[in-house]
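Worksheet: the structure to be examined is printed underneath.
Each value in this text was obtained by applying a stated rule to the coordinates, not by laboratory testing. Treat the numbers as computed from the prediction; the structure is a model and nothing was measured. Note: ideal-geometry Cβ built from the backbone for every residue, glycine included; neighbour counts use all protein chains shown.
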Amino acid sequence: MPNIFSSSHDEGVLNMGRYVAYIGIKPAGDLGKTAFILGEVFGGISFQKDLDHQFEEYPAYIARSSDFEYVLLGIPDPEEDLREEPSDDFELQIHSDEKTPGGNTDISDLVVRKIEADGRLKSWILP
C-alpha cells in the first residue's frame, strides 16, 4: 500500500473490499500547488493536470499508484458551479481498484490524519 497510513496499526484496520475517501482541503495556493503538496504527503506520488476534463466543470489533478486513484477537484467557474453550497475549498477523492470484491471501506479518517500530521494543509472528512 502507498504511504496513506501513518502506522502499521492503521494498516491493520483494513480488510477486503474497495477503499474510498472523500476529504475537504483548504487550498494552499492554486490547485497545482495543493496537488504537489498532497503528492509529497502521500510518499511522492505525482499529480497530473486533467487535460481530458474527466470531471466536466471541475478542474482536477489526478494521480495513480498501484493501489489507489487520487483525484483533487478544484473550484468550477461560477457560471458552471451547480453545487448547492458553493465553496472555495478543494475536494480530494481516493478510490482503490473498482474490481476489488467486497463492499466499500471508508478510510477518510486515516487520510485526514495523514494530511494533518504533515501540517501543510488543513483537511476534514466530507459527508
- Note on the structure: Checked the range 68-126 with the C-alpha gyration tensor, a ≥ b ≥ c its square-rooted eigenvalues, rounded below a/c of 1.5, otherwise prolate if a/b is larger than b/c and oblate if not; verdict oblate
- With only Lys, Arg, Asp and Glu charged, each at its Cβ (+1 for the first two, -1 for the last two), find how big the charge dipole of the range 8-125 is about the Cα centre; round to the nearest 20 debye. 600 debye
- Task: Compute the acute angle (0 to 90°) between the alpha-carbon long axis of helix 31-41 and the principal axis of greatest extent of the alpha-carbon atoms of the chain; round to the nearest 10°.
- Result: 10 degrees
- Projecting the Cα atoms of GLY24, GLY74, ALA63 onto the charge dipole of the range 8-125, where Lys and Arg contribute +1 and Asp and Glu -1 at Cβ, the residue farthest towards the positive end is ALA63
- Peptides ranked, highest mean first, by Cβ atoms within 10 Å: ranges 106-112, 49-55, 39-45: 106-112, 39-45, 49-55
- Query: Mind checking the angle between helix 108-118 and the chain's longest principal axis? C-alpha axes, 0 to 90 degrees, to the nearest 10.
  - Reply: 80 degrees
